[in-house]
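Reading through the structure tokens given below for one structure.
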Amino acid sequence: MAPSTTHGRELWVIVAAATLTVMAGAIVAPVVPQIQRELGVSGTAAGLIITTHGGVIVLASPLVGALVDRVGPRRPFVGGLVVYGLGGGAGFVVDGFGPLLASRVVLGVGTAAVYTAVTVLIYDLYEGQAMERALGYRSSANSLGAAVWPLVGGAAGVVAWNVPFGIYLVALPLGLVAVATVPETRSTPDGTSEAGGSAGSRASLSTRLAATLATFRDRPGLPLVYLLAFGANALLYVVVVFYPQFLPRVGVSSSLAISLYLAANGAAGGVAAVGYDRLVDRAARSTLVLVALVCWTVGFALAAVVETRAGAVVPVVLLGLGVGLVFPSTFAWVETFAPAEKTGQFSSYIASFGYTGQFLSPLLFGPLVPLVGVRGVFGAAAGVAGVGALGLGVWAWRRASAVADA
């Protein structure tokens, strides 16, 4: 199917599905203490309800990517929504920690399928500015979901600890809508995938690995994009994990007030992402990422020194604006750099590297807390972002000089 340059009903189904990937963890985060009390488990065990699906996404995404390349994105998308709804919604009826944890594994598989299929559907259905707009909407939905879903989960948790799990069931009717609205994009007349083929399915692991490494060698921009995805998610989770620990120091202690600061972070990212196609029409993608890195550097630096509740809003807004510029850029760069027949495989690595960054963020920055305090963590994050901005700035300057001398 030829890519479309207009936005139809399928776009809104895709955007709605995109926010479910954020909901996977965000909707139940507010009730983790309740789960701990009601099921009689330790805080560490209860925390696995948040982290388990992310670990599964890291492992499952490359497999999903290969499947998408073989059969096209539509069937993994619809199937992923069903698996997501059943895995997530199972928490509404289970009454033991073991079954609950198993349901989170199923949820992770569904989330991995939806995440990668959404990306490839946008690549296949849209082109040019329409694709940039769709990627921006997708990232905006993620950012706004990060702001809204914790509030929804917290409100549902007032009824009972397991009520937020019932919200996952919304994926099932969304899957039915997807069947009716999202078209096949890669089928050939004989019913086989243009990208897959039986030869691809028979290729040995070593052959596929060699082909992947050859692609990275021939297209050196790809590993840098994955590094950017890893770093962006690691820095995002510095906000998610450590900003709530910092806010009581400036007089913000209620869970509702803290959630509003995090909501401001998500809202700022959503605003930046929704206008991404217009921004990228006026500035190079690398320039937008450089602006984002500068926003992160300044935002984290301000967080390290701010002393007032009002002042603490500015860092989260700056950090959110950076997220809204970087995330659609990573997706767009992969579409540019990856082989056309392997966009499923290479877009799946965004999920793997991104969720790895989220998982490792507290492990990388947490040990600094006893040494330099939470403010020191923000200072270190500012340094990381600053190094990234400097490296990208030098690269852009050298590239401009080379073009001028040519």
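Determine, yes or no, whether F359 is within 25 Å of A141 (Cβ to Cβ), surrounded by fewer than 21 Cβ atoms within 10 Å (Cβ to Cβ) and in contact (Cβ under 8 Å) with a residue 40 or more places away in the chain. Yes; evaluated as a whole, the condition is true for this residue. The condition of being modelled with pLDDT under 90 and on the phi < 0 side of the Ramachandran plot holds for E127.
Looking at the stretch 249-265, is at least one residue under 15 Å from the mean Cα position of the chain (by Cα) and aromatic (F, W, Y)? No, because not a single residue in the stretch 249-265 is under 15 Å from the mean Cα position of the chain (by Cα) and aromatic (F, W, Y).
Within the stretch 282-307, the only residue that satisfies the criterion of being assigned to a helix (DSSP H, G or I), surrounded by fewer than 18 Cβ atoms within 10 Å (Cβ to Cβ) and of a type in the set (D, E, K, R) is R282.
Taking the criterion of being in contact with a helix residue (DSSP H, G or I) (Cβ under 6 Å, 6 or more places away or on another chain) and over 21 Å from L174 (Cα atoms), would at least one residue in the stretch 89-98 satisfy it? The answer is yes; a qualifying residue exists. V271 meets all of the listed conditions (1) among the β-branched types (V, I, T); (2) in contact with a helix residue (DSSP H, G or I) (Cβ under 8 Å, 6 or more places away or on another chain); (3) modelled with pLDDT under 90 but one, namely (3). Restricted to the stretch 89-110, and to residues that are closer than 20 Å to T44 by Cα and within 22 Å of the chain's Cα centre (by Cα), which residue is surrounded by the fewest Cβ atoms within 10 Å (Cβ to Cβ)? Looking at residues that are closer than 20 Å to T44 by Cα and within 22 Å of the chain's Cα centre (by Cα), I get V105. The condition of being among the β-branched types (V, I, T) and touching a helix residue (DSSP H, G or I) at 6+ places or on another chain (Cβ under 9 Å) does not hold for V394.
Taking the condition of a type in the set (A, V, I, L, M, F, W, C), surrounded by 24 or more Cβ atoms within 10 Å (Cβ to Cβ) and either in contact (Cβ under 8 Å) with a residue 40 or more places away in the chain or in contact with a Leu (Cβ under 7 Å, 6 or more places away or on another chain) (or both), does A117 pass? Here the answer is yes, as A117 does meet what is asked. Among the residues in the stretch 191-204, are any modelled with pLDDT of 50 or more and out of contact with any Lys or Arg (no Cβ under 9 Å at 6 or more places or on another chain)? Scanning the stretch 191-204, I find at least one residue that is modelled with pLDDT of 50 or more and out of contact with any Lys or Arg (no Cβ under 9 Å at 6 or more places or on another chain), so the answer is yes. Candidates are the residues of the stretch 6-58 that are in contact (Cβ under 8 Å) with a residue 12 or more places away in the chain and of a type in the set (S, T, Y); the one that is surrounded by the fewest Cβ atoms within 10 Å (Cβ to Cβ) is T6. Flag: A66 does not match the condition of being at pLDDT below 95, under 23 Å from L262 (Cβ atoms) and crowded, with 17+ Cβ neighbours inside 10 Å. Answer yes or no as to whether P244 is assigned to a loop (DSSP other than H, G, I, E, B), modelled with pLDDT under 90 and surrounded by fewer than 20 Cβ atoms within 10 Å (Cβ to Cβ). Answer is no for this residue. Restricting the first member to the stretch 306-326 and to residues that are closer than 10 Å to A272 by Cα, and the second to residues that are at pLDDT 95 or above and of a type in the set (F, W, Y), the beta-carbon pairs closer than 6 Å and six or more apart or on different chains are G322/W296. For the stretch 318-350, the candidate set comprises residues that are of a type in the set (S, T, Y) and touching a helix residue (DSSP H, G or I) at 6+ places or on another chain (Cβ under 6 Å); within that set, the residue that is surrounded by the most Cβ atoms within 10 Å (Cβ to Cβ) is S348.
The values are calculated or read from the model by the stated rules, or taken from the named source; none is laboratory data. The model shown is predicted, which means the values in this text are computed figures rather than measured ones. Every residue, glycine as well, gets a Cβ built from its backbone with ideal geometry; the counts of neighbours run over all protein chains shown.
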